[in-house]
Amino acid sequence: PCQFEGQSAVHLRSPAGAQATVLLHGATLVSWQPAGDEEQLYLSPAAVLDGSAPVRGGVPVIFPQFNQQGPLPKHGFARDHAWTLQEATVRGEHAFAVLTLSDNEATRALWPHAFTLELTISIDSHRIDMELAVINNGEMPFEFQAALHTYLSTTDVRRAQLEGLIGQNYQDTVLDQPRQQWIDVVTIAQEIDRIYWQAPAELTLRDTGRRLAIVSRGFEDCVVWNPGPERSASLPDLPDDGWLTMLCVEAAQIGNPVRLAAGEEWSAIQSLVVAK
Ligand code: TA6
């Protein structure tokens, strides 16, 4: 491992010059720069990186509980543990890293199951694939929710457009109401927190001079979150105007928790692709 702001991390560089950095803490991807392109992820300048809190930005891994939908700490515990780097290699056009987290005393105290999480991050010149696998190493089935809580960077979120959600049913978490999306484009002017159920596999984020495809496979739901000005000001690890330069578009499995039998494996992917 190398260091990122004094913390253990793995740095990837593809043959074409794309780069990515993953902290061992939470296996949090904190940076992704496609070849010859700028940073695509938002990382709060006030993020706590020393392992004492989840990282505000990048791509925290949510497991085995989404938000406060169960008895566990918010968003589960995976984002709050040190993962182990298994491999970091370049193969062909790709650079990739594999990180794992297995149950230990601390996780079993919260959640009494034997598991391994495996996060594989793979980059080529203009694409990143983030695959989360869950393996049940125990003798009983278990259930979980999961998400890749991706913070995308935006030039000005009020001018950004997220396309592809027309006709979709969603839970509006701010209003605490079920709703339906009637216009194709989601725009942000204030706090937004929505779970789109059974979301399409591909969405597009348009931002000043940029088009980013957000592709998911295996994750059924999609969460769109921006804290807006008031919540941004109240979150200690986000600058007051932090909401303007970020948008979370999360690949998630929330509505239908996965039931995994003993010895079985589940996996799902979120990919980001910059249009050339
Ligand atoms: O995924 C959206 C969400 O669950 C929001 O409700 C908001 O609370 C956000 O995640 C951030 O959660 P955090 O625990 O990282 O502050």
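Quick note: the coordinates plus some simple rules give every number you see, no bench work behind them. Keep in mind the model is a prediction, meaning the values are calculated, not measured. Here the Cβ is made from the backbone with ideal geometry for all residues, glycine too, and neighbour counts use every protein chain on show.
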With the charge dipole of the chain built from beta-carbon charges (+1 for Lys and Arg, -1 for Asp and Glu) about the Cα centre, the Cα from Leu72, Leu41, Val258 projecting farthest to the positive end belongs to Leu41
Please give the Cα centre distance for the range 174-216 versus the range 230-276, rounded to the nearest Å. 12
For the chain, what are Rg and Dmax over the alpha carbons, in angstrom? 17.7, 51
Mark the label point 7 Å from the Cα of Gln190 along Cα→Cβ and return the residues of the range 224-238 whose backbone N is within less than 19 Å of it. 224-235
Could you size up the charge dipole of the range 65-117 around its Cα centre, putting +1 on the beta carbon of Lys and Arg and -1 on that of Asp and Glu, and report it in debye to the nearest 20? 140
Once every DSSP H run of n ≥ 4 in the chain is given -39500 (n - 2.57) and the sum is divided by its residues, what mean residue ellipticity at 222 nm do you get, rounded to the nearest 500 deg cm²/dmol? -1000 deg cm²/dmol
Taking 45 Å as R0, compute the FRET efficiency from the Cβ-Cβ separation of Thr155 and Ala106 and round it to 0.05. 0.70
List, in order, the whole-Hz ³J(HN,Hα) value for each residue of the range 248-257 obtained from phi through the Karplus relation with A = 6.51, B = -1.76, C = 1.60 and θ = phi - 60°; use x for Gly and Pro. 8, 10, 10, 7, 9, 10, 10, x, 10, x
How big is the Cα convex hull of the range 32-110 in projection, averaged over all directions, in nm²? 7.0
For Glu39 and His11, calculate 0.36 nm times their separation in residues minus their Cα-Cα distance, and state this gained length in nm to one decimal. 8.7 nm
Pop a pseudo-label 7 angstrom from the Cα along the beta-carbon direction at both Ser52 and Ser267 and give the gap in nm to one decimal. 3.7
Quick calc, the chain, dipole around Cα centre from Cβ unit charges on Lys, Arg (+) and Asp, Glu (-), nearest 20 debye, gives 340
